[in-house]
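Report on the following structure.
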Amino acid sequence: MSTAHHDEPFDAVLFLSFGGPDGPEDVRPFLENVTRGRGVPPERLDEVVEHYMHFGGVSPINALNRDLIARLRVELGDRHLDLPVAFGNRNWHPMIEDAVAELYDAGHRRVLVFATSAWGGYSGCAQYHEDIKRALESLAAREGVEHGSELLTLRKLPHFWNRPQMRAACADAIVAARDELPESTRTGARLVFTAHSIPTAADKNAGPPADGGHLYSRQVHAAAATAASASGFDDFDVVWQSRSGPPQVPWLEPDVCDHLEGLPAAGAEAVIVCPIGFVSDHLEVVWDLDTEAEAKARELGLAFARAGTVGADPRFIEMIADLIEEHRGGAATFGDGCTDNGMRCAPGCCAPVRRPAAAGRPAAATA
(Lines give C-alpha, C1' and ligand atoms only; values in the text may rest on other atoms or scores of the structure.)
Protein backbone atom coordinates (compact mmCIF):
# COMPACT_ATOMS: atom_id res chain seq x y z
CA MET A 1 0.00 0.00 0.00
CA SER A 2 1.27 3.46 -0.84
CA THR A 3 2.16 5.50 2.22
CA ALA A 4 2.27 8.88 0.46
CA HIS A 5 -1.00 9.95 2.08
CA HIS A 6 -1.07 7.44 4.90
CA ASP A 7 -1.17 9.91 7.78
CA GLU A 8 -3.55 12.39 6.18
CA PRO A 9 -7.26 12.55 7.06
CA PHE A 10 -9.71 10.80 4.79
CA ASP A 11 -11.15 13.25 2.29
CA ALA A 12 -14.24 11.52 0.87
CA VAL A 13 -16.83 8.84 1.58
CA LEU A 14 -17.98 6.00 -0.69
CA PHE A 15 -21.48 4.73 0.06
CA LEU A 16 -21.30 1.10 -1.11
CA SER A 17 -24.36 -1.09 -1.55
CA PHE A 18 -25.75 -4.14 -3.30
CA GLY A 19 -27.52 -2.53 -6.25
CA GLY A 20 -30.80 -3.22 -7.96
CA PRO A 21 -32.54 -2.81 -11.34
CA ASP A 22 -33.98 0.54 -12.35
CA GLY A 23 -36.32 -0.84 -15.02
CA PRO A 24 -37.72 -4.07 -16.50
CA GLU A 25 -34.87 -4.41 -18.99
CA ASP A 26 -32.36 -4.40 -16.13
CA VAL A 27 -33.89 -7.22 -14.10
CA ARG A 28 -32.46 -10.33 -15.74
CA PRO A 29 -28.94 -8.89 -16.28
CA PHE A 30 -28.89 -7.70 -12.68
CA LEU A 31 -29.89 -11.12 -11.34
CA GLU A 32 -27.29 -12.80 -13.52
CA ASN A 33 -24.65 -10.49 -12.02
CA VAL A 34 -25.80 -11.39 -8.51
CA THR A 35 -25.84 -15.15 -9.01
CA ARG A 36 -23.05 -15.73 -11.53
CA GLY A 37 -21.08 -18.90 -10.71
CA ARG A 38 -23.24 -19.84 -7.73
CA GLY A 39 -25.43 -22.60 -9.07
CA VAL A 40 -28.75 -20.83 -8.65
CA PRO A 41 -31.36 -22.73 -10.70
CA PRO A 42 -32.78 -20.83 -13.71
CA GLU A 43 -36.30 -21.41 -12.40
CA ARG A 44 -35.38 -19.55 -9.22
CA LEU A 45 -34.26 -16.58 -11.33
CA ASP A 46 -37.51 -16.77 -13.29
CA GLU A 47 -39.41 -16.61 -10.00
CA VAL A 48 -37.48 -13.59 -8.78
CA VAL A 49 -37.89 -11.82 -12.14
CA GLU A 50 -41.65 -12.04 -11.53
CA HIS A 51 -41.18 -10.50 -8.07
CA TYR A 52 -39.56 -7.47 -9.69
CA MET A 53 -42.21 -7.26 -12.41
CA HIS A 54 -44.82 -7.07 -9.66
CA PHE A 55 -43.19 -3.68 -8.89
CA GLY A 56 -42.70 -2.56 -12.47
CA GLY A 57 -39.24 -4.08 -12.78
CA VAL A 58 -37.75 -1.56 -10.37
CA SER A 59 -36.04 -2.27 -7.05
CA PRO A 60 -36.52 0.45 -4.43
CA ILE A 61 -32.91 0.05 -3.27
CA ASN A 62 -31.17 2.66 -5.44
CA ALA A 63 -33.73 5.36 -4.65
CA LEU A 64 -33.59 4.50 -0.96
CA ASN A 65 -29.81 4.68 -0.97
CA ARG A 66 -29.84 8.03 -2.76
CA ASP A 67 -32.18 9.32 -0.08
CA LEU A 68 -29.81 8.06 2.64
CA ILE A 69 -26.88 9.72 0.87
CA ALA A 70 -28.75 13.04 0.59
CA ARG A 71 -29.53 12.96 4.31
CA LEU A 72 -25.97 11.97 5.15
CA ARG A 73 -24.61 14.92 3.16
CA VAL A 74 -26.83 17.25 5.19
CA GLU A 75 -25.70 15.65 8.46
CA LEU A 76 -22.03 15.93 7.52
CA GLY A 77 -22.57 19.55 6.54
CA ASP A 78 -24.23 20.27 9.87
CA ARG A 79 -21.09 18.86 11.53
CA HIS A 80 -18.85 21.01 9.32
CA LEU A 81 -17.31 17.93 7.73
CA ASP A 82 -16.40 18.79 4.16
CA LEU A 83 -16.52 15.26 2.76
CA PRO A 84 -18.15 14.46 -0.59
CA VAL A 85 -20.21 11.25 -0.63
CA ALA A 86 -20.04 9.07 -3.76
CA PHE A 87 -22.38 6.16 -4.54
CA GLY A 88 -21.32 2.76 -5.87
CA ASN A 89 -22.86 -0.72 -6.08
CA ARG A 90 -21.67 -4.29 -6.33
CA ASN A 91 -24.15 -5.60 -8.86
CA TRP A 92 -25.74 -2.72 -10.79
CA HIS A 93 -25.23 0.87 -11.79
CA PRO A 94 -23.74 3.02 -10.44
CA MET A 95 -21.00 0.40 -10.15
CA ILE A 96 -18.25 0.66 -7.56
CA GLU A 97 -15.56 0.64 -10.27
CA ASP A 98 -17.02 3.82 -11.79
CA ALA A 99 -17.48 5.51 -8.40
CA VAL A 100 -13.86 4.84 -7.40
CA ALA A 101 -12.54 6.11 -10.74
CA GLU A 102 -14.60 9.30 -10.36
CA LEU A 103 -13.28 9.85 -6.83
CA TYR A 104 -9.71 9.42 -8.06
CA ASP A 105 -10.25 11.78 -11.00
CA ALA A 106 -11.65 14.38 -8.58
CA GLY A 107 -8.37 14.26 -6.65
CA HIS A 108 -9.37 12.12 -3.67
CA ARG A 109 -6.74 9.75 -2.33
CA ARG A 110 -8.09 8.53 1.03
CA VAL A 111 -11.70 7.39 1.10
CA LEU A 112 -13.83 5.87 3.85
CA VAL A 113 -16.26 3.22 2.65
CA PHE A 114 -19.65 2.77 4.28
CA ALA A 115 -21.18 -0.55 3.22
CA THR A 116 -24.91 -0.99 3.77
CA SER A 117 -24.55 -4.22 5.73
CA ALA A 118 -24.39 -4.18 9.52
CA TRP A 119 -22.93 -7.67 9.77
CA GLY A 120 -19.78 -9.75 9.66
CA GLY A 121 -19.33 -12.90 7.63
CA TYR A 122 -18.67 -13.36 3.92
CA SER A 123 -21.59 -11.58 2.24
CA GLY A 124 -22.02 -9.02 5.02
CA CYS A 125 -18.41 -7.84 5.17
CA ALA A 126 -15.70 -9.83 3.39
CA GLN A 127 -17.47 -9.62 0.02
CA TYR A 128 -17.49 -5.83 0.29
CA HIS A 129 -13.71 -6.01 0.77
CA GLU A 130 -13.61 -8.01 -2.46
CA ASP A 131 -15.67 -5.28 -4.17
CA ILE A 132 -13.15 -2.68 -2.99
CA LYS A 133 -10.23 -4.75 -4.22
CA ARG A 134 -11.90 -5.27 -7.60
CA ALA A 135 -12.49 -1.54 -8.00
CA LEU A 136 -8.84 -0.80 -7.18
CA GLU A 137 -7.70 -3.39 -9.70
CA SER A 138 -9.89 -1.73 -12.33
CA LEU A 139 -8.38 1.67 -11.52
CA ALA A 140 -4.85 0.24 -11.63
CA ALA A 141 -5.49 -1.25 -15.07
CA ARG A 142 -6.80 2.09 -16.33
CA GLU A 143 -3.83 4.01 -14.94
CA GLY A 144 -1.24 1.44 -16.01
CA VAL A 145 0.11 0.59 -12.58
CA GLU A 146 0.47 -2.76 -10.87
CA HIS A 147 -1.61 -2.11 -7.78
CA GLY A 148 -4.53 0.22 -7.17
CA SER A 149 -3.27 0.81 -3.65
CA GLU A 150 -0.45 2.85 -5.22
CA LEU A 151 -3.12 5.33 -6.26
CA LEU A 152 -5.85 5.33 -3.65
CA THR A 153 -6.63 4.11 -0.14
CA LEU A 154 -10.12 2.77 0.51
CA ARG A 155 -10.98 1.85 4.08
CA LYS A 156 -14.21 0.05 4.93
CA LEU A 157 -15.93 1.26 8.08
CA PRO A 158 -16.61 -1.45 10.68
CA HIS A 159 -19.74 -3.46 11.39
CA PHE A 160 -22.49 -1.42 12.99
CA TRP A 161 -25.01 -4.03 14.16
CA ASN A 162 -24.31 -3.25 17.82
CA ARG A 163 -24.31 0.55 17.65
CA PRO A 164 -26.74 2.16 20.14
CA GLN A 165 -28.55 4.08 17.40
CA MET A 166 -29.34 0.80 15.65
CA ARG A 167 -30.77 -0.68 18.83
CA ALA A 168 -32.87 2.40 19.59
CA ALA A 169 -34.21 2.76 16.05
CA CYS A 170 -35.10 -0.92 15.85
CA ALA A 171 -36.79 -0.90 19.27
CA ASP A 172 -38.92 2.12 18.43
CA ALA A 173 -39.95 0.54 15.13
CA ILE A 174 -41.08 -2.58 16.99
CA VAL A 175 -43.17 -0.53 19.42
CA ALA A 176 -44.74 1.40 16.53
CA ALA A 177 -45.60 -1.87 14.77
CA ARG A 178 -47.15 -3.30 17.93
CA ASP A 179 -49.36 -0.21 18.18
CA GLU A 180 -50.68 -0.92 14.67
CA LEU A 181 -52.14 -4.26 15.79
CA PRO A 182 -55.72 -4.58 17.04
CA GLU A 183 -55.61 -3.62 20.70
CA SER A 184 -56.96 -6.98 21.83
CA THR A 185 -54.00 -8.83 20.26
CA ARG A 186 -51.07 -6.62 21.32
CA THR A 187 -50.28 -8.18 24.67
CA GLY A 188 -49.80 -11.68 23.28
CA ALA A 189 -48.23 -10.72 19.94
CA ARG A 190 -45.22 -12.81 18.97
CA LEU A 191 -42.09 -10.87 18.04
CA VAL A 192 -40.22 -12.41 15.10
CA PHE A 193 -36.93 -11.05 13.76
CA THR A 194 -35.83 -11.80 10.20
CA ALA A 195 -32.51 -11.54 8.38
CA HIS A 196 -31.25 -12.76 5.02
CA SER A 197 -30.56 -16.48 5.04
CA ILE A 198 -27.12 -17.69 3.96
CA PRO A 199 -25.71 -21.20 3.46
CA THR A 200 -25.13 -22.93 6.78
CA ALA A 201 -21.56 -23.72 5.72
CA ALA A 202 -20.88 -20.03 5.11
CA ASP A 203 -22.19 -19.18 8.56
CA LYS A 204 -20.34 -22.02 10.27
CA ASN A 205 -17.03 -21.05 8.70
CA ALA A 206 -17.23 -17.30 9.29
CA GLY A 207 -15.45 -15.63 12.17
CA PRO A 208 -12.56 -16.37 14.50
CA PRO A 209 -11.88 -20.10 14.94
CA ALA A 210 -11.58 -19.61 18.70
CA ASP A 211 -15.16 -18.35 18.77
CA GLY A 212 -16.48 -21.31 16.82
CA GLY A 213 -17.50 -19.46 13.67
CA HIS A 214 -21.17 -18.59 13.06
CA LEU A 215 -20.24 -14.92 13.23
CA TYR A 216 -23.22 -13.73 11.17
CA SER A 217 -25.96 -15.66 12.98
CA ARG A 218 -24.44 -14.84 16.37
CA GLN A 219 -24.52 -11.14 15.56
CA VAL A 220 -28.12 -11.32 14.33
CA HIS A 221 -29.24 -13.12 17.50
CA ALA A 222 -27.38 -10.66 19.72
CA ALA A 223 -28.87 -7.65 17.93
CA ALA A 224 -32.34 -9.18 18.15
CA ALA A 225 -31.95 -9.79 21.88
CA THR A 226 -30.98 -6.18 22.59
CA ALA A 227 -33.75 -4.75 20.39
CA ALA A 228 -36.35 -7.05 21.97
CA SER A 229 -35.31 -6.04 25.46
CA ALA A 230 -35.31 -2.35 24.57
CA SER A 231 -38.84 -2.64 23.16
CA GLY A 232 -40.19 -4.48 26.21
CA PHE A 233 -40.27 -8.06 24.92
CA ASP A 234 -38.94 -10.90 27.05
CA ASP A 235 -39.20 -13.53 24.33
CA PHE A 236 -38.74 -13.53 20.57
CA ASP A 237 -37.84 -15.68 17.57
CA VAL A 238 -35.10 -15.29 14.97
CA VAL A 239 -35.92 -16.65 11.51
CA TRP A 240 -34.57 -16.22 8.00
CA GLN A 241 -35.79 -15.14 4.59
CA SER A 242 -34.88 -14.64 0.93
CA ARG A 243 -33.03 -17.89 0.31
CA SER A 244 -31.74 -18.01 -3.26
CA GLY A 245 -29.26 -20.89 -3.53
CA PRO A 246 -29.49 -24.34 -5.12
CA PRO A 247 -31.90 -26.65 -3.28
CA GLN A 248 -29.20 -29.21 -2.38
CA VAL A 249 -27.24 -26.65 -0.32
CA PRO A 250 -28.49 -26.21 3.28
CA TRP A 251 -29.27 -22.63 4.28
CA LEU A 252 -30.14 -21.09 7.64
CA GLU A 253 -33.66 -22.02 8.72
CA PRO A 254 -36.52 -21.70 9.51
CA ASP A 255 -37.91 -19.58 6.72
CA VAL A 256 -40.20 -16.84 7.98
CA CYS A 257 -43.33 -18.20 6.28
CA ASP A 258 -42.67 -21.72 7.54
CA HIS A 259 -42.25 -20.30 11.04
CA LEU A 260 -45.53 -18.41 10.88
CA GLU A 261 -47.38 -21.66 10.27
CA GLY A 262 -46.51 -22.88 13.77
CA LEU A 263 -47.56 -19.76 15.65
CA PRO A 264 -51.34 -20.32 15.91
CA ALA A 265 -50.81 -23.75 17.51
CA ALA A 266 -48.54 -22.04 20.06
CA GLY A 267 -51.39 -19.70 20.99
CA ALA A 268 -50.36 -16.59 19.09
CA GLU A 269 -53.08 -14.35 17.69
CA ALA A 270 -50.75 -11.75 16.21
CA VAL A 271 -47.19 -11.41 14.98
CA ILE A 272 -44.78 -8.48 14.74
CA VAL A 273 -42.13 -9.10 12.10
CA CYS A 274 -38.97 -7.01 12.43
CA PRO A 275 -36.55 -7.15 9.45
CA ILE A 276 -33.51 -6.52 11.61
CA GLY A 277 -31.15 -7.79 8.92
CA PHE A 278 -32.06 -5.04 6.44
CA VAL A 279 -31.25 -1.34 6.39
CA SER A 280 -34.04 -0.22 4.03
CA ASP A 281 -37.37 -1.37 2.58
CA HIS A 282 -35.97 -2.82 -0.61
CA LEU A 283 -37.46 -5.70 -2.55
CA GLU A 284 -36.59 -8.46 -0.11
CA VAL A 285 -38.62 -6.62 2.50
CA VAL A 286 -41.58 -5.45 0.44
CA TRP A 287 -41.96 -8.81 -1.34
CA ASP A 288 -40.87 -11.46 1.14
CA LEU A 289 -42.48 -9.77 4.15
CA ASP A 290 -45.08 -7.22 3.05
CA THR A 291 -46.38 -9.54 0.33
CA GLU A 292 -45.67 -13.21 1.07
CA ALA A 293 -45.40 -13.21 4.88
CA GLU A 294 -48.39 -10.92 5.33
CA ALA A 295 -50.47 -13.14 3.04
CA LYS A 296 -49.39 -16.22 5.00
CA ALA A 297 -50.34 -14.56 8.30
CA ARG A 298 -53.74 -13.61 6.90
CA GLU A 299 -54.25 -17.20 5.74
CA LEU A 300 -53.45 -18.41 9.26
CA GLY A 301 -55.74 -15.89 10.94
CA LEU A 302 -52.83 -13.96 12.51
CA ALA A 303 -52.92 -10.21 12.87
CA PHE A 304 -49.73 -8.96 11.20
CA ALA A 305 -47.57 -5.88 11.67
CA ARG A 306 -44.19 -5.28 10.10
CA ALA A 307 -41.68 -3.03 11.86
CA GLY A 308 -39.97 -0.38 9.79
CA THR A 309 -36.33 -0.66 8.78
CA VAL A 310 -33.73 1.46 10.55
CA GLY A 311 -32.71 3.50 7.50
CA ALA A 312 -35.87 5.60 7.83
CA ASP A 313 -34.85 6.73 11.32
CA PRO A 314 -32.78 9.95 11.66
CA ARG A 315 -30.58 8.17 14.20
CA PHE A 316 -29.31 5.87 11.47
CA ILE A 317 -27.85 8.81 9.57
CA GLU A 318 -26.37 10.14 12.81
CA MET A 319 -24.76 6.73 13.33
CA ILE A 320 -23.10 6.79 9.89
CA ALA A 321 -21.80 10.29 10.53
CA ASP A 322 -20.47 9.17 13.92
CA LEU A 323 -18.58 6.32 12.27
CA ILE A 324 -17.10 8.72 9.74
CA GLU A 325 -16.03 11.16 12.45
CA GLU A 326 -14.48 8.39 14.53
CA HIS A 327 -12.38 7.07 11.64
CA ARG A 328 -11.62 10.01 9.37
CA GLY A 329 -8.22 10.72 10.98
CA GLY A 330 -5.09 9.27 9.43
CA ALA A 331 -4.19 6.85 12.24
CA ALA A 332 -3.02 3.42 11.12
CA THR A 333 -5.13 1.54 13.67
CA PHE A 334 -8.75 0.84 12.85
CA GLY A 335 -11.67 -0.49 14.83
CA ASP A 336 -13.15 -3.93 14.30
CA GLY A 337 -10.08 -5.32 12.60
CA CYS A 338 -10.80 -4.23 9.03
CA THR A 339 -7.80 -3.36 6.85
CA ASP A 340 -7.23 -0.90 4.03
CA ASN A 341 -7.88 -1.56 0.36
CA GLY A 342 -10.03 -4.62 0.65
CA MET A 343 -7.26 -7.15 1.18
CA ARG A 344 -9.24 -8.96 3.88
CA CYS A 345 -10.49 -8.48 7.39
CA ALA A 346 -7.92 -9.02 10.11
CA PRO A 347 -8.09 -12.04 12.48
CA GLY A 348 -11.01 -11.61 14.83
CA CYS A 349 -13.25 -9.93 12.27
CA CYS A 350 -14.96 -11.99 9.57
CA ALA A 351 -12.38 -13.84 7.49
CA PRO A 352 -13.74 -17.35 6.99
CA VAL A 353 -12.12 -20.32 8.64
CA ARG A 354 -12.66 -22.19 5.38
CA ARG A 355 -14.11 -20.60 2.27
CA PRO A 356 -17.32 -22.41 1.27
CA ALA A 357 -17.51 -23.98 -2.18
CA ALA A 358 -18.76 -21.59 -4.84
CA ALA A 359 -22.19 -23.19 -5.03
CA GLY A 360 -22.64 -22.74 -1.32
CA ARG A 361 -21.71 -19.08 -1.05
CA PRO A 362 -24.46 -16.66 -0.14
CA ALA A 363 -26.20 -15.23 -3.17
CA ALA A 364 -29.00 -12.79 -2.52
CA ALA A 365 -31.29 -12.94 -5.52
CA THR A 366 -33.31 -9.86 -4.72
CA ALA A 367 -32.57 -6.35 -3.59
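The values are calculated or read from the model by the stated rules, or taken from the named source; none is laboratory data. All values reported here derive from a predicted model rather than from experimental measurement. Positions of Cβ are generated from backbone atoms using ideal geometry, with glycine treated the same way; all protein chains shown enter the neighbour counts.
Quick rundown of the values:
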{"quantity": "Selection status of GLN248, in a helix (DSSP H, G or I), within 25 Å of VAL34 (Cα to Cα), among the polar types (S, T, N, Q) and assigned by TED's automatic domain parsing to the domain that holds ALA173", "calculated": "no"}
{"quantity": "Some residue of the range 213-221 being in a helix (DSSP H, G or I), more than 16 Å from the chain's Cα centre (by Cα), at pLDDT below 95 and not acidic (Asp, Glu)", "calculated": "no"}
{"quantity": "Selection status of HIS80, closer than 29 Å to PRO29 by Cα and surrounded by fewer than 18 Cβ atoms within 10 Å (Cβ to Cβ)", "calculated": "no"}
{"quantity": "ASP258 vs. criteria in the same structural domain as SER217 (by TED's automatic domain parsing), part of a loop (DSSP other than H, G, I, E, B) and not hydroxyl-bearing (Ser, Thr, Tyr)", "calculated": "no"}
{"quantity": "Failed item, numbered, when ALA222 is tested on (1) surrounded by fewer than 16 Cβ atoms within 10 Å (Cβ to Cβ); (2) over 20 Å from GLY277 (Cα atoms)", "calculated": "(2)"}
{"quantity": "Hits in the range 152-184 (condition: in a helix (DSSP H, G or I), over 23 Å from the mean Cα position of the chain (by Cα) and buried (at least 19 other Cβ atoms within 10 Å of the Cβ))", "calculated": "ARG178"}
{"quantity": "Cβ-Cβ under 7 Å pairs, at least 6 apart or on other chains, the range 89-108 side under 12 Å from SER138 (Cα atoms), far side among the hydroxyl-bearing types (Ser, Thr, Tyr) and part of a helix (DSSP H, G or I)", "calculated": "GLU97/SER138"}
{"quantity": "Filter result for the condition that a residue is out of contact with any Phe, Trp or Tyr (no Cβ under 7 Å at 6 or more places or on another chain), under 30 Å from ALA12 (Cα atoms) and either of a type in the set (Gly, Ala, Ser) or without any contact (Cβ under 8 Å) to a residue 60 or more places away in the chain (or both), over GLY301, GLY329, GLY262, GLY267", "calculated": "GLY329"}
{"quantity": "Residue that is among the aliphatic types (A, V, I, L, M) and under 19 Å from VAL85 (Cβ atoms), where the choices are VAL49, VAL13", "calculated": "VAL13"}
{"quantity": "Close pairs (6 angstrom Cβ cut-off, 6 or more residues apart or separate chains): surrounded by fewer than 12 Cβ atoms within 10 Å (Cβ to Cβ) in the range 22-38, part of a helix (DSSP H, G or I) anywhere", "calculated": "GLY37/ALA358"}
{"quantity": "Pair list, Cβ under 6 Å, 6 or more apart: the range 50-69 residue farther than 24 Å from PHE114 by Cα, other residue of a type in the set (Gly, Ala, Ser)", "calculated": "GLY57/GLY23"}
